[in-house]
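All remarks here apply to the structure that follows.
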Amino acid sequence: GIACRVTANDGYLDSTTEEVNAVVNTLPIVNPSLDNYYVAANGTLTCTPNGSDVDNQALTYSYTWQAGPPDGIWMPFATDTGDSSTIDMANNGIQRGYFIACFVTANDGLEDSYRGYAGGALNILPVVTPTIDQDYAPTTGTLTCSPNGYDAEYHNMTYSYKWIDETGAVIANATGDSSTIDMATHSLSEGETVTCRVDVHDGLEDGLQAEASAQVNRRPTVAPSLDHDIVATTGSLTCTPHGADGDGHGLTYSYEWVESTGAVFATATGATSTINISAYPGSLSEGETVTCRVVANDGVEDGPSAEISAKVNNRPVVAPFLDSYWVATSGTLICTPNGTDADNHGLTYSYQWVESTGAVIAYDSGATSILYVSTYYGSSLSAGEIVTCRVVANDGLDNGISGEANGQVNNPPTATATVAAVNDFQDAVCTPATNDVNGHGVTPYYRWTVNGGGNHTGSTLSKSNFSAGDTLQCLITPNDGYEDGVETASNTVMATFERTFTYCGKTGCEGPSQGQCDGSYANTALNGEVTVTAGYQYWHVPFTGTFNISVRGARGGGTAGGNGALMSGDFDLTAG
């Protein structure tokens, strides 16, 4: 402290010394503080001086508010006095991010304190740049909106979301670090734009609202086609998807091949899908419907499936027949295929003519096939051999299963002929003996020669066609209904001359009359040749030659012994 000691002197004596004490003033102290370091642009900031004075003097305060960039010049923008100072940021035009300083001076009635300082900053708004996890939202999937918030002052941020459809209607609200919506729960159409609007708050104020949009995916479509309406049993079937996408996405395709029961027997992926029908014998059969089911994917989702069907070809069927089982060695066989097709295709036919060893002797095509047996008889074919017509029908897609019809080359019939001895008064008769190894009925045809000439027919040669002494022969040709056998000649016979004279039915000692002999010889070789005079028969020798004359005599009366007699002799006689 300071003491002021005073002694008065009146010229004579000093007075009693008195003193007065004083204290040297101690400056007041301020340690200002702000109620918030960061202040919103529409908020207030209160500066508290936190003054003290060791001399316990009452203090008054004066305030100067300054603001400026962190690395620039700070400028005063407000002054104040009082126990504290509050400023309204809305009226000060301070830029965001500027530092704000409250400078405080305390006065204890004697002098000012040193200036104290408390600093803060005008809040920088948080920023969001929202993103959606997909540009195209699958119609049955989800969309997630991420806010991607940033705060330059590292405040903790909170987010609120509005999902908005194309009409501007809010379809969903949410809060949190992100927001996800299920597309199936909202009335959104394919191709529609859906927007995520994000609000951010940093604990002081809201940042600027921001949006991100995506489009509800237009699902891809397919209109598949097959390269065949009816596919061969040994063929292939190619399915082309013909995909389209309203968003211009590249498409991939998956395929299911389905048989008529609905079972999937093959799957594939790619630009097209091809199956070989023969690779699925357990799944596909003739006449069965086979379906290609296609799904397109645009990288976002599958589109609706579409199907196209074809039919496995019914192979044509043949039931060939021949115009005859038996064929003459010089004849023809006509093979008719008798083809049918359940799909009503036009049919073409190919033929193989096969001999009994299995060797093919001829090929043919057409509506029917004719085999000329004589072309192959004696080389590839022989009598009695089985010959087969093998037919395959083709319906333009498949060959059917071959069918066969058999025929047999005929064994020509054989015959022998025998002509019995004949005289000039008899018809000559040809007796045939025929044979056919195939069991066919045989009809013989006859041809007679007389002395090597002539061409008489029939099994009997009339006696009017030959005379005694003529040489006769029968030639016989057998026919079994299919062909003639080889003509065979009989034995040759010469027509003999034979006359038998009788007693013309007369008994007694006198000879017969003319009338009796005419009656007896009426139907014999002697008819008209015998004249009777006085019981004697007269006959004229017709030609010169040696004649054998035989005479028979009966046993006489009741006389015992003997059996009659025969006398015979050759006589040279002259005609007339």
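Bear in mind that the values in this text are calculations on the coordinates, not laboratory data. Everything numeric here is computed off the predicted structure, so don't read it as measured data. Cβ placement follows ideal geometry from the backbone for every residue including glycine, while neighbour counts extend to all protein chains displayed.
Within segment 211-236, find all residues whose amide N lies under 18 Å from a label point positioned 7 Å from the Cα of Glu190 along Cα-to-beta-carbon.
Only 215-225 pass the distance filter.
Be a star and scan segment 156-192 for residues whose amide nitrogen sits under 18 Å from the point 7 Å along the Cα-to-Cβ vector of Asp135.
Only 191-192 fall inside the zone, counting backbone N under 18 Å.
Report which label in (1) 12, 31, 27, 18, 9, 3, 0, 0; (2) 17, 40, 31, 11, 1; (3) 12, 16, 14, 12, 11, 9, 8, 6, 5, 4, 2, 1, 1, 0 holds the value of P(r) over Cα pairs in 20 Å bins from 0, in percent derived from the coordinates of this structure.
(3)
Determine the sum of side-chain charges near Ser179: Lys and Arg each +1, Asp and Glu each -1, restricted to other residues whose C-beta is under 14 angstrom from that of Ser179. Before the final figure, lay out each step's value.
Numbers: positive: Lys162, Arg197; negative: Asp133, Asp177, Asp182, Asp199, Glu211.
Here the count lands on -3.
Taking only C-alpha pairs under 8 Å that are 6+ residues apart, what is the relative contact order of segment 514-573 in percent?
On the way: 66 pairs, mean separation 16.0, N = 60.
This gives 27 percent for segment 514-573.
Could you work out [θ]222 nm for the chain from helices alone, using -39500 (n - 2.57) per DSSP H run of at least four and dividing by all its residues? Round to the nearest 500 deg cm²/dmol.
On the way: 2 runs with 11 residues, N = 576.
Helices in the chain give a 222 nm mean residue ellipticity of -500 deg cm²/dmol.
Could you sort the peptides 201-214, 178-191 by per-residue average Cβ neighbour count (10 Å cutoff), highest mean leading?
201-214, 178-191
Report the local net charge at Ala263: Lys and Arg +1, Asp and Glu -1, summed over other residues whose C-beta lies under 13 Å from its C-beta. Display every interim value, and only then the final one.
Working: positive: Arg293; negative: Glu256, Glu259, Glu288.
Local net charge: -2.
Once you order the gyration tensor axes a ≥ b ≥ c over the Cα atoms, which shape class does segment 221-312 get: rounded for a/c under 1.5, otherwise prolate or oblate by comparing a/b with b/c?
Values: a/c = 2.46, a/b = 2.19, b/c = 1.12.
Verdict is prolate for segment 221-312.
Stretched out fully, how many nm does the piece from Phe265 to Ala58 gain, at 0.36 nm a residue minus the Cα gap?
Working: separation 207, 0.36 × 207 = 74.52 nm, distance 10.05 nm.
Fully extending the segment from Phe265 to Ala58 adds 64.5 nm.
I'd like the FRET efficiency for Asp206 and Val20, computed as 1/(1 + (r/R0)^6) with the beta carbon distance as r and R0 of 45 Å, rounded to 0.05.
On the way: r = 66 Å, r/R0 = 1.47.
Efficiency at R0 = 45 Å is approximately 0.10.
Can you list the aspartates and glutamates whose alpha carbon is less than 13 Å from that of Lys463, not counting same-chain residues fewer than 8 positions off?
Asp424, Asp427
Quick one: if the Förster radius is 51 Å, what FRET efficiency do Glu166 and Ile401 give, using the C-beta to C-beta distance and rounding to 0.05? Don't jump to the answer; show the numbers that get you there.
Details: r = 64 Å, r/R0 = 1.25.
The pair Glu166/Ile401 has a calculated efficiency of 0.20.
Quick one: grab the alpha carbon gyration tensor of segment 127-216, order the square roots of its eigenvalues as a ≥ b ≥ c, and give me rounded if a/c is under 1.5, else prolate or oblate depending on whether a/b is larger than b/c. Numbers along the way, then the final one.
Numbers: a/c = 2.45, a/b = 2.22, b/c = 1.10.
Since a/c reaches 1.5 and a/b is larger than b/c, the shape of segment 127-216 is classed as prolate.
Going by C-beta contacts inside 10 Å, put Tyr349, Tyr503, Tyr154 in order with the fewest on the left. Working shown, then result.
Numbers: Tyr349 23, Tyr503 13, Tyr154 8.
Ranked by crowding around the Cβ, least crowded first: Tyr154, Tyr503, Tyr349.
Give the long-range amide H neighbours of Gly384: residues separated by 5 or more places, or on another chain, with amide H under 5 Å away, using H modelled in the peptide plane at 1.01 Å from N.
When sequence neighbours closer than 5 places are left aside, the close amide H contacts are Val409, Asn410, Asn411.
Take Ile73, Ile164 and order them by how many other Cβ atoms sit within 10 Å, fewest up front. All intermediate terms of the calculation are to be shown ahead of the outcome.
Values: Ile73 7, Ile164 18.
So the residues, fewest neighbours to most, are Ile73, Ile164.
Find the relative contact order for the chain and round it to a whole percent, using C-alpha pairs within less than 8 Å whose residues are 6+ positions apart.
So the answer I get is 6 percent.
How do the peptides 378-391, 535-548 rank, highest first, by the average count of neighbouring beta carbon atoms within 10 Å per residue? Don't skip to the end; give the middle numbers.
Details: 378-391: 17.4, 535-548: 12.2.
Ranking, from highest mean packing down: 378-391, 535-548.
For Ile370 and Ser462, FRET efficiency with R0 = 56 Å and r from the beta-carbon atoms, rounded to 0.05? The partial results should precede the final answer.
On the way: r = 44 Å, r/R0 = 0.79.
With R0 = 56 Å, the Cβ-Cβ based efficiency is 0.80.
Using the Cβ atoms and a cut-off under 15 Å, what net charge is assigned to the surroundings of Asp424, where Lys and Arg are +1 and Asp and Glu are -1? The partial results should precede the final answer.
On the way: positive: Lys463, Arg499; negative: Asp427, Asp470, Glu498, Glu529.
In short, -2.
Which are the unpartnered cysteines of the chain, meaning those with no other cysteine Cβ under 4.7 Å from their Cβ?
Cys4, Cys509
How far apart, in nm, are the 7 Å Cα→Cβ label points at Asn435 and Ser33?
14.7
Place the peptides 273-281, 75-83, 39-47 in order of packing, highest mean first, counting for every residue the other Cβ atoms within 10 Å and averaging per peptide. The partial results should precede the final answer.
Values: 273-281: 15.7, 75-83: 12.9, 39-47: 18.2.
Ranked from most to least packed, the peptides come out as 39-47, 273-281, 75-83.
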